[in-house]
1. Using unit Cβ charges (K, R positive; D, E negative) and no other charged atoms, how large, in debye to the nearest 20, is the dipole of region 187-289 about its Cα centre?
2. Based on the Cα atoms of region 49-199, what semi-axes does the equivalent ellipsoid have, where each is the square root of 5 times one gyration tensor eigenvalue, given in whole Å with the largest first?
3. To the nearest 20 debye, what is the magnitude of the charge dipole of the chain about its Cα centre, counting +1 on the Cβ of each Lys and Arg and -1 on the Cβ of each Asp and Glu?
4. Need one value: the accessible area of VAL191 in square angstrom, 1.4 angstrom probe, rounded to the nearest 10.
5. Dipole of the chain (Lys/Arg Cβ +1, Asp/Glu Cβ -1, origin at the Cα centre): which of ALA36, PRO70, PRO229 lies farthest to the positive side?
6. Kindly provide log₁₀ I(q)/I(0) values, in the same order as q = 0.18, 0.21, 0.23, 0.24 Å⁻¹, from the Debye equation applied to equal alpha-carbon scatterers of region 136-202.
7. In the full protein assembly as shown, how much of ARG27 is accessible to a 1.4 Å probe, in Å² to the nearest 10?
8. For THR165, THR104, THR231, give me the order by solvent-accessible area with a 1.4 Å probe, most accessible first, ignoring ligands, DNA and RNA.
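The values are calculated or read from the model by the stated rules, or taken from the named source; none is laboratory data. The model shown is predicted, which means the values in this text are computed figures rather than measured ones. Cβ placement follows ideal geometry from the backbone for every residue including glycine, while neighbour counts extend to all protein chains displayed. Keep in mind that these areas ignore ligands, DNA and RNA; they rest on the heavy atoms of the full protein, side chains included. Shrake-Rupley method; radii C 1.70, N 1.55, O 1.52, S 1.80 Å.
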Amino acid sequence: MPRHPWNSHFCDLVGAAMAGRAAADLRPHLRSSRAAMGIAALPTWAWVAPKTPMGKKQRDRDTGGSLSFPVRIDWEQNVIAVRRGESLQVPWSASGLGVQLAGTITVTASPEAYDDWDEGRHQHPDMPVDLHLPLLSYGLAMSRLNSLVELGSQANWGLMEHLRTYVEAVASKARRYVAAEISGETDALFVPQVLDDIGLEGVVDSLVYGRPGEPGSRVTRLIDRCMQPGTFRMVDPLRYVSIALRRDAEEEVRRVIGDPHIGPKVRHLYNTGRHASYADFVADYNRAYPSDDLGPARAAAAVGARLFPVGVAAPSELIENYADQAD
């Protein structure tokens with residue numbers, strides 16, 4: 001069964017990145033050995049026919065047939081080393097999309113063997129029963145680990161570039177959505193612009209590469225979550241990534257224009273309620289949503305974003321005027 005294309009590319013990169021991290025963790029434990037050994041990077045995904053509804057994306061656009069989707073395989077470690085004469089029993093399990101799989105691989109190493117997942121008896125199309133690894137000298141084994149580390153580093157950058165294209169699309173949509181929500185304008189032709197193209201590029205860079213002085217970025221943290229067991233137990237990677245990046249893009253657009261994340265709620269109450277004064281409005285809001293702890297400055301930023309949706313959302317004079325009213 002053919003794989004879902006976006007998930008296939010993304011999961012190949014995630015698998016390589018995970019193998020690189022595991023190889024880097026394994027190297028220090030082997031440096032004192034100097035023994036010949038076999039090295040295996042174990043597969044990260046089993047590709048299955050999901051038993052949960054996947055919608056239209058489960059259909060192959062070219063053939064009309066069904067596509068397979070990834071289920072994360074859980075191992076104690078993703079990269080293993082096997083010495084001559086050893087026989088490792090390596091258990092594995094995979095759970096997700098309504099599918100549960102489990103089994104054990106017997107891993108050995110010998111000079112005559114070759115690493116080929118397609119040979120031998122299989123418990124599942126992606127998982128053999130026996131894996132025979134070629135026996136490598138200590139130097140070649142370390143070279144193999146170094147190669148996995150380098151490929152993992154390349155895969156990490158590949159993931160960031162792959163996701164950058166997606167971020168550009170969702171950030172552009174977030175800019176339009178936030179502008180329409182703030183202005184209340186339903187006709188797309190008359191929705192004001194809350195962020196110019198240079199500002200939008202800054203939103204994309206912030207999401208992908210992070211802001212100065214902050215560790216990581218929204219995208220690097222997303223990639224880390226994609227490597228954790230259980231992340232895709234209920235959804236496929238494409239849906240998980242899509243939801244996360246749409247949310248992050250909207251939050252970042254609002255942050256850049258000065259609109260607090262509770263801005264839509266603030267504006268809704270401001271527009272629908274009757275308030276004797278600005279201070280009464282802030283008090284009414286806090287009675288309705290006590291956990292938000294709305295203050296005059298955040299309220300002014302949210303209402304100001306509604307009134308001035310071009311460039312910076314809440315001009316400083318507006319905030320000062322509203323703050324004066326609230327005192």
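1. For this selection, approximately 520 debye.
2. Values: eigenvalues 437, 104, 32 Å².
Semi-axes from the Cα gyration tensor: 47, 23, 13 Å.
3. With only Lys, Arg, Asp and Glu charged at Cβ, the dipole is about 740 debye.
4. 40
5. Projecting each Cα onto the dipole axis, the largest value belongs to ALA36.
6. -0.76, -0.87, -0.94, -0.97
7. It works out to around 50 Å².
8. THR165, THR104, THR231
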